[in-house]
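Take a look at the structure set out below.
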Number of protein chains: 2
Amino acid sequence: MHARIYVTLKKGVHDPQGEAVRHGLAGMGYKEVLDVRVGKMIEVKLGEISREEAEKRLAEMSEKLLANTVIESYRIELL
Amino acid sequence: MHARIYVTLKKGVHDPQGEAVRHGLAGMGYKEVLDVRVGKMIEVKLGEISREEAEKRLAEMSEKLLANTVIESYRIELL
């Protein structure tokens, strides 16, 4: 089974990487870009596991290792 | 308009960050995790622009700045 976990900064948390990208794009003439936020997409390949168990275990992994839940949110997508 | 650009390493390109995550998860008991790849998700807020123009401009931005197309692929999603 394959899954994707999207990790994004929570609203209101400053994103210096996104700001640097926005600034770079503005300097290249892409003035239509109003805001940029950079997050992570983590693609996971899992061995034999049920969808229910996969969702539960991936949420655990996200809480413990993949996301810093003080400042980041995560969303799990099973493929 | 909002858009997301997903930037991932091409097949066959070594992903040390993904390997570190897989190794960390294995050490925590998540032996079902066979492989991990880490990519970027870039969320972009655009001003007044048509969907056609947005797709064209975002592809340009991806080629020029957001992705290193030698080793990375990108996918654009208009929301």
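Within the range A:46-58, if we keep just the residues that are over 15 Å from B:VAL36 (Cα atoms) and in contact with a strand residue (DSSP E or B) (Cβ under 9 Å, 6 or more places away or on another chain), the residue that is surrounded by the fewest Cβ atoms within 10 Å (Cβ to Cβ) turns out to be A:ARG51. For B:MET61, work out the one condition from (1) closer than 19 Å to A:ALA67 by Cα; (2) in contact with a helix residue (DSSP H, G or I) (Cβ under 7 Å, 6 or more places away or on another chain) it doesn't fulfil. Of (1) closer than 19 Å to A:ALA67 by Cα; (2) in contact with a helix residue (DSSP H, G or I) (Cβ under 7 Å, 6 or more places away or on another chain), only one is false for B:MET61: (1).
Take the conditions (1) within 30 Å of B:GLU48 (Cβ to Cβ); (2) within 7 Å of chain B (Cβ to nearest Cβ); A:ARG75 misses just one of them, which is (2). The residue that is surrounded by the fewest Cβ atoms within 10 Å (Cβ to Cβ), among those in the range A:2-45 that are among the β-branched types (Val, Ile, Thr) and more than 20 Å from B:GLY39 (Cβ to Cβ), is A:VAL13. Scanning the range A:28-58 for residues that are free of Cβ contacts under 8 Å to residues at least 24 places away in the same chain and away from chain B (no Cβ under 12 Å) yields a total of 2.
Each reported figure results from applying straightforward, stated rules to the coordinates on display, with no laboratory input. Given the structure is predicted, the values throughout are model-derived calculations rather than measurements. Cβ sites come from the backbone with ideal geometry, for glycine too, and all protein chains shown count toward neighbours.
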